[in-house]
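Trainee: Below you will find the structure I want to go over with you.
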Amino acid sequence: MDKKKIMIGIFLVIMLGTIYFVYLKLNGWAHAKEEFKQKVELYIKSEYPNVMIKNHEVH
């Protein structure tokens, strides 16, 4: 293969990786969101045991 094609391929991989990383940083990591949700639920249940909470999720 031509060195130019290899360099273009490496550049594209780096650019795609950077774009994906920025996207995840802006929108949040899935496991971090789930962990935060669990911590909030535990806190609310421990601090406000008599409050009834309904979770509504839209995907």
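Trainee: Please work out the FRET efficiency for the pair ASN50 and LYS25, using the Cβ-Cβ distance as r and a Förster radius of 35 Å; give the result to the nearest 0.05.
Mentor: 0.35
Trainee: I would also like to ask the following. Return one number: the angle in degrees, 0 to 90 and rounded to the nearest 10, between the long axis of the Cα atoms of helix 30-47 and the longest principal axis of the Cα atoms of the chain.
Mentor: In the chain, helix 30-47 runs at an angle near 10 degrees to the longest axis.
Trainee: For the chain, what is Rg from Cα atoms divided by 2.2 N^0.38 Å, rounded to two decimals?
Mentor: 2.06
Trainee: So how tilted is helix 3-27 from the main axis of the chain? Cα-based, degrees 0 to 90, rounded to 10.
Mentor: 10 degrees
Trainee: Note the count of lysine pairs whose C-alpha atoms are less than 23 angstrom apart in the chain, limited to pairs 8 or more residues apart or on different chains.
Mentor: Close lysine pairs under the 23 Å cut-off: 9.
Trainee: Could you sort MET52, MET7, MET15 by their accessible area in this structure, using a 1.4 Å probe and putting the largest first?
Mentor: Descending accessible area places them as MET52, MET7, MET15.
Trainee: Relative to the Cα centre, what is the charge dipole magnitude of the chain, using +1 at the beta carbon of each Lys and Arg, -1 at the beta carbon of each Asp and Glu, and rounding to the nearest 20 debye?
Mentor: 320 debye
Trainee: At 1.4 Å probe size, what's the solvent-accessible area of VAL51? Round to the nearest 10 Å².
Mentor: 90 Å²
Trainee: Right, another one. Once R0 is set to 35 Å, what does the formula 1/(1 + (r/R0)^6) return for the Cβ-Cβ distance between ILE14 and PHE36, expressed as a FRET efficiency to the nearest 0.05?
Mentor: 0.70
The values are calculated or read from the model by the stated rules, or taken from the named source; none is laboratory data. Keep in mind that what you see is a predicted model, and the values were worked out from it rather than measured. For neighbour counting, all protein chains shown are included, and Cβ atoms are generated from backbone atoms with ideal geometry for every residue, glycine included. Ligands, DNA and RNA are stripped out before the accessible areas are found, and what is left, the full protein with its side chains, is counted by its heavy atoms. Shrake-Rupley method; radii C 1.70, N 1.55, O 1.52, S 1.80 Å.
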